[in-house]
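To keep things clear, I will list the structure first and then write my remarks on it.
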Amino acid sequence: MSETKFRQIAHKIEQRIDQGEYPIHSKLPPHRILADDLDTTPTTIAKAYNLLAEKGRVESFVGRGTFVKPLAGQADSHDEENAEYNFSIIQPYLASNLPYLQKAMEKASRYLDLQLLSYADQSGHEAHRKVGVTWAKHYGLEGGSVHNTVLTNGAQHGLSLLILMLTDVGDTIAVESHTYPGLIAVAKLLGRKLVGVELDERGMSPESLRYVIAHYQPKVVVVTPSHQNPIGVSMDEVRRKEIAEVIEYTGRWLIEDDVFGFLNPQPISAITNYIPHRAFHLSSLSKAISPSLRCGFLKLPDSMVSEVNAHLRANVWLASPVGYATADQLIETRDAFRLARNQRQLAERRQALAQEILGPQVRSTRGYHVWLPLPNHWSPEAFVMEAKNLGILLQSGNHFSVSGIATNYVRLSLMSISSEARFKQGLQMLKTLLASEMHAAFPF
Ligand SMILES: Cc1ncc(COP(=O)(O)O)c(C=O)c1O
C-alpha cells in the first residue's frame, strides 16, 4: 500500500464527514463495503480510519465499529435532532468551515496589535482591502485595487449605504421582479420606491430593463447576476454585456450584488468590468465562509471614492477590522477558496438530493436554494404555516415579490441543516405535505 493512498482515502472520508454525508455520531461503513465503494482494500480503509482517529475526527469501539466524532463547538446532530428543520436561512454549511475558522481566528489573534485595535481609516486597513480585491478577482471582477475598494459590514451594509448615497426619498430603484428581502426592507425603511424588472432563464431581461428605465426613470438598478435570490437563475457573459449596455446607454448607476459569484464553477466576468465608471460591485464572505464575519467588499467607480468614504465615516466609522484579520489568514493560506469550493460541491449534492426527493419541479441550479412551485391546492402562506407545525421552516415566495402580486412558490434553503440524514428527512416530510390536501379540511 503506498504511503499516500491511505492519506488520500482518509481525506475523502473527511470530506464526506464535512459535507454531512456521514453525520456526527453516525457509524462509518464497514471496511469491506467502503473499500468497494472507494476502489481500494479493507487494509487501506483500516489505516485511513486510524489516521482519522489520531486527528480526532472518528472514534473506534471494538466490536461496534467506527463513529464520527464532533469537533469542539461543532453543532451536534443530537442537539439538531431537537431543533427545527431549517430550510429558511441562506447560509453556508457552517459545520465544515468551523475548524478552519477556529484555526484562522487563533492565528489572527497572535497578530492582534495596537494598530489593529485603534480607530483606522474609514475604508479599512490596506491589508484587509487587499483581501477583498483578491477574493473578488478570483471570481471574475477586474480592476479592483486597494484604492477603489472599501470594506463594509457585509453586503447588506453596502446595499443600504449605496441606496442612501445614490437616491433621495421618493426616488425609484429598479430591481429584479423577485428579489432579496433585505433590499426590499432597505427601500421601504428609507422611503424609496422599487420597480420590478422581469427575469427569464438567463436572469434580468435587458428588454424589460429598457422599458422600466424609460417608464419609471429609476436612478439606480440593482442586479444579482449569479444564483439570483430567490429564483436561482444566473446570467451568462452575453447577458451581462447586454445589461451593461443598457446601463451605459441610459446613464444609470448599477449596483451588482455578487454575493453568490463564488458558486459558479468557472469565474464569469462581472457586469462591473464593462462599465467600471457606472457600477458598484458588492461581494462578501457571508455565503462561502460565515455570515458572522460581516466581511463585505465594495468596489467603486473612481469618481465616487471620496463620497463613499464620507458616508462610511458618518455611518459606522469603519467596518470592524477583527473579522477581516481572520479573513486575511484564510486568504493567505488559500483556505478561503478551498472552503468556497467545498460549499459549491455540497450545494450541488444537495440540489441533486432535492431533485431526487421532490421531483423535476426542482429546477436544476447550482445555488444554495430552490424556488419550489406549489400545487394549486396550496397557497404559500398556508404551506409555510403547515410546514411550521411540522417543525419545518421555509419562506413564502410572496416575501420576495416587489410588486406585491402573489406568487405560488416557496423558497427552500439547502445548506443550514448539518446532517444529511435530517436534510433528507425534512425533504421527505415536505414531499408528503405537498401531496396532502389536509389544510383544505382545516382552513383556520
Ligand atoms: C442577494 C443577497 N445580497 C446580500 C445579502 C446579505 O449578505 P451579507 O451577509 O454579506 O450582508 C444576502 C443574504 O442573504 C443576499 O441573499
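The values are calculated or read from the model by the stated rules, or taken from the named source; none is laboratory data. All values reported here derive from a predicted model rather than from experimental measurement. No Cβ is skipped: glycine too gets one built from the backbone with ideal geometry, and neighbour counts run over all protein chains shown. Accessible surface is based on the protein model in full, side chains and every heavy atom, while ligands, DNA and RNA are left aside. Shrake-Rupley method; radii C 1.70, N 1.55, O 1.52, S 1.80 Å.
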message: Below 12 Å, Cα to Cα, which aspartates and glutamates can Lys47 reach? Residues fewer than 8 away in the same chain don't count.
response: Glu3
query: What distance in nm separates the simple spin-label points at Ser292 and Asp121, each placed 7 Å from Cα in the Cβ direction?
result: 3.1
task: For the chain, find the longest principal axis of its Cα atoms and tell me its angle to the long axis of helix 335-358, 0 to 90°, nearest 10.
output: 80
task: Could you order peptides 111-118, 228-235 by the average number of other Cβ atoms within 10 Å of their residues, highest first?
output: 228-235, 111-118
field: Within a Gaussian network of the chain (alpha carbon springs, distance under 10 Å), most fluctuating of Ala83, Ala421, Ala288
entry: Ala83
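Given the peptides 42-52, 381-391, arrange them by the average over their residues of other C-beta atoms within 10 Å, most packed first. Each step should come with its number before you reach the end.
Details: 42-52: 19.5, 381-391: 15.8.
In descending order of packing, they fall as 42-52, 381-391.
What whole-number value in cubic angstrom gives the convex hull volume per residue for the C-alpha atoms of the chain? Please report the intermediate quantities before stating the final value.
Numbers: hull volume 72.6 nm³, N = 444.
Convex hull of Cα atoms, per residue: 164 Å³.
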statement: antiparallel share of DSSP beta bridges within the chain, to nearest 5, in %, is 60
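Using only alpha carbon pairs under 8 Å that are at least six residues apart, calculate the relative contact order of the range 3-68 and give it in whole percent.
On the way: 67 pairs, mean separation 26.1, N = 66.
Rounded, it is 40 percent for the range 3-68.
Per residue Cα convex hull volume for the range 1-140, in cubic angstrom?
On the way: hull volume 28.6 nm³, N = 140.
Here the figure is 204 Å³ per residue.
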The range 197-234 residues near the modelled Glu307 label - backbone nitrogen below 17 Å, point 7 Å along Cα→Cβ: 218-222
- prompt: What's the local net charge at Arg202, with K and R +1, D and E -1, over the other residues with C-beta under 9 Å away?
  reply: -2
statement: Of every hundred units of 1.4 Å-probe accessible area on the chain, the number belonging to carbon and sulfur atoms, as a percent, is 53
- request: Using θ = phi - 60° and the Karplus relation 6.51 cos²θ - 1.76 cosθ + 1.60, list the HN-Hα couplings for the range 257-267 in order, rounded to whole Hz, with x at every Gly or Pro.
  value: 8, 10, 5, 9, x, 5, 7, 6, x, 10, x
task: Provide the per residue accessible area, probe 1.4 Å, for the range 228-303, rounded to a whole number of square angstrom.
output: 31
message: Checking the table Lys193/Lys219; Lys188/Lys219; Lys12/Lys69; Lys27/Lys287 against a 18 Å threshold on Cα-Cα, which pairs fail?
response: Lys27/Lys287
- prompt: Which angle from 0 to 90°, rounded to the nearest 10, does the C-alpha axis of helix 94-110 make with the longest principal axis of the chain?
  reply: 80
query: With the Cα gyration tensor of the range 119-215 giving a ≥ b ≥ c as the square roots of its eigenvalues, does the rule (a/c under 1.5 for rounded; else a/b larger than b/c for prolate; else oblate) give rounded, prolate or oblate?
result: oblate
task: Report the net charge of residues surrounding Ala354, where surrounding means a beta-carbon distance below 13 angstrom and charges are Lys +1, Arg +1, Asp -1, Glu -1.
output: +4
message: Once you order the gyration tensor axes a ≥ b ≥ c over the Cα atoms, which shape class does the range 3-68 get: rounded for a/c under 1.5, otherwise prolate or oblate by comparing a/b with b/c?
response: rounded
- line: The aspartates and glutamates whose Cα lies under 19 Å from the Cα of Lys299, excluding any fewer than 8 residues away in the same chain, are Asp121, Glu126, Glu142, Glu248, Glu256, Asp257, Asp258, Glu307, Asp328
- request: Measure nothing but the geometry: give the 0 to 90° angle between the long axis through the Cα atoms of 380-389 and the longest principal axis through the Cα atoms of the chain, rounded to 10°.
  value: 30
Quotient of Cα Rg and 2.2 N^0.38 Å for the range 99-335, N being how many residues it contains: 0.99
field: Amide H contacts under 5 Å for Thr407, placed H, 5+ residues apart
entry: Asn398
